[in-house]
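The values are calculated or read from the model by the stated rules, or taken from the named source; none is laboratory data. Treat the numbers as computed from the prediction; the structure is a model and nothing was measured. Here Cβ is always computed from backbone atoms with ideal geometry, including for glycine, and neighbour counts include all displayed protein chains. These accessible areas exclude ligands, DNA and RNA; they are computed on the full protein's heavy atoms, side chains included. Shrake-Rupley method; radii C 1.70, N 1.55, O 1.52, S 1.80 Å.
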Amino acid sequence: DQQVKQNSPSLSVQEGRISILNCDYTNSMFDYFLWYKKYPAEGPTFLISISSIKDKNEDGRFTVFLNKSAKHLSLHIVPSQPGDSAVYFCAATIAGGTSYGKLTFGQGTILTVHP
Amino acid sequence: SQTIHQWPATLVQPVGSPLSLECTVEGTSNPNLYWYRQAAGRGLQLLFYSVGIGQISSEVPQNLSASRPQDRQFILSSKKLLLSDSGFYLCAGGRRYTEAFFGQGTRLTVV
């Protein structure tokens with residue numbers, strides 16, 4: 001059972017335009033969400049996160065939006081740059097309790113930003 | 001800052017051979033440690049996690065095992081590799097429950 005889903009395997013965007021990456025989850029217990037960026041043959045690096053008590057978190061060109069009622073989150077990159085080309089993973093966790101920081105990842109979306 | 005060291009970067013092993021991947025952590029004490037696997041065309045799947053020395057929890061049944069002999073050392077092992085064990089293995093650690101820092105990964109090809 002895929003609890004975190006990224007239904008778009010790939011996304012192609014022109015440099016300077018907005019990139020919107022989407023993620024859906026099914027487990028209503030998830031209360032903390034993260035986005036990771038991954039280059040080939042490297043480990044993922046943390047990008048931005050959001051707690052379920054918020055509906056928006058912004059860090060420079062990156063903004064994450066959370067819609068709890070729809071169990072949906074999205075990552076906006078504005079403006080997109082060629083260096084943003086990578087695989088983006090959405091992840092979710094249950095903060096505290098016995099989750100021990102275990103992350104449930106989506107399948108990833110390959111973002112390609114064309115010059 | 002926290003750093004995860006993982007080696008080797010690539011590994012080609014014959015079916016039936018043993019496996020040992022090592023991961024060490026710098027910059028923090030008593031971290032939670034994790035082994036993830038990314039199979040071809042799929043997302044990251046949590047294999048094992050550890051909250052302390054000698055404490056290992058397995059998330060999925062498989063041909064692999066994990067051990068944590070020291071606070072900052074996490075080892076992934078197999079006695080006999082299968083073709084299906086091929087994939088990209090990632091060690092991760094986090095002192096905060098809401099983030100995980102990843103190593104560079106090991107590309108394992110079982111032939």
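Considering only chain A, give the strands (runs of 3 or more DSSP E) lying wholly within it that have at least 2 residues that are away from every other protein chain (no Cβ under 13 Å).
On the way: elements: A:10-14, A:19-25, A:32-38, A:45-51, A:56-59, A:62-67, A:72-77, A:86-93, A:109-114.
By residue number, A:10-14, A:19-25, A:56-59, A:62-67, A:72-77, A:109-114.
Tally time: how many residues in region B:68-111 are within 14 Å of another protein chain (Cβ to nearest Cβ), in a loop (DSSP other than H, G, I, E, B) and of a type in the set (A, V, I, L, M, F, W, C)? I'd like the intermediate steps shown before the answer.
Step one: list which residues in region B:68-111 are within 14 Å of another protein chain (Cβ to nearest Cβ), which gives B:68, B:74, B:87-109.
From what is left, the residues that are in a loop (DSSP other than H, G, I, E, B) are B:95-100, B:103-105.
Restricting the remaining residues to those that are of a type in the set (A, V, I, L, M, F, W, C) gives B:100.
Qualifying residue count, region B:68-111: 1.
Return a yes/no flag: does region B:91-103 have any residue that is open to solvent by 20 Å² or more (accessible area, probe 1.4 Å) and more than 30 Å from A:Pro9 (Cα to Cα). Checking region B:91-103: at least one residue is open to solvent by 20 Å² or more (accessible area, probe 1.4 Å) and more than 30 Å from A:Pro9 (Cα to Cα). Condition check for A:Gly60 on (1) within 13 Å of the chain's Cα centre (by Cα); (2) open to solvent by 60 Å² or more (accessible area, probe 1.4 Å); (3) of a type outside the set (S, T, N, Q); (4) farther than 30 Å from B:Val60 by Cβ: one failure, at (1). Quick one: in region B:43-55, which of the residues that are surrounded by fewer than 18 Cβ atoms within 10 Å (Cβ to Cβ) and of a type outside the set (S, T, N, Q) is nearest to the other protein chains (Cβ to nearest Cβ)? So the residue we want is B:Val51. Within region B:1-18, the set of residues being within 13 Å of chain A (Cβ to nearest Cβ) and in a loop (DSSP other than H, G, I, E, B) comprises B:Ser1, B:Gln2, B:Pro8, B:Ala9.
Could you please find all residues in region A:23-40 being under 22 Å from B:Arg42 (Cβ atoms), surrounded by 17 or more Cβ atoms within 10 Å (Cβ to Cβ) and not basic (Lys, Arg)?
Just the residues of region A:23-40 that are under 22 Å from B:Arg42 (Cβ atoms), to begin with: A:23-27, A:30, A:33-40.
Right, trim to surrounded by 17 or more Cβ atoms within 10 Å (Cβ to Cβ) and you get A:23-25, A:30, A:33-38.
Across region A:23-40, the qualifying residues are A:Cys23, A:Asp24, A:Tyr25, A:Phe30, A:Phe33, A:Leu34, A:Trp35, A:Tyr36.
Restricted to region B:19-42, and to residues there that are more than 16 Å from B:Gly93 (Cα to Cα) and under 15 Å from the mean Cα position of the chain (by Cα), the residue that is nearest to the other protein chains (Cβ to nearest Cβ) is B:Gln38. Scanning region B:2-42 for residues being of a type outside the set (Asp, Glu) and closer than 20 Å to A:Tyr100 by Cα gives a total of 17.
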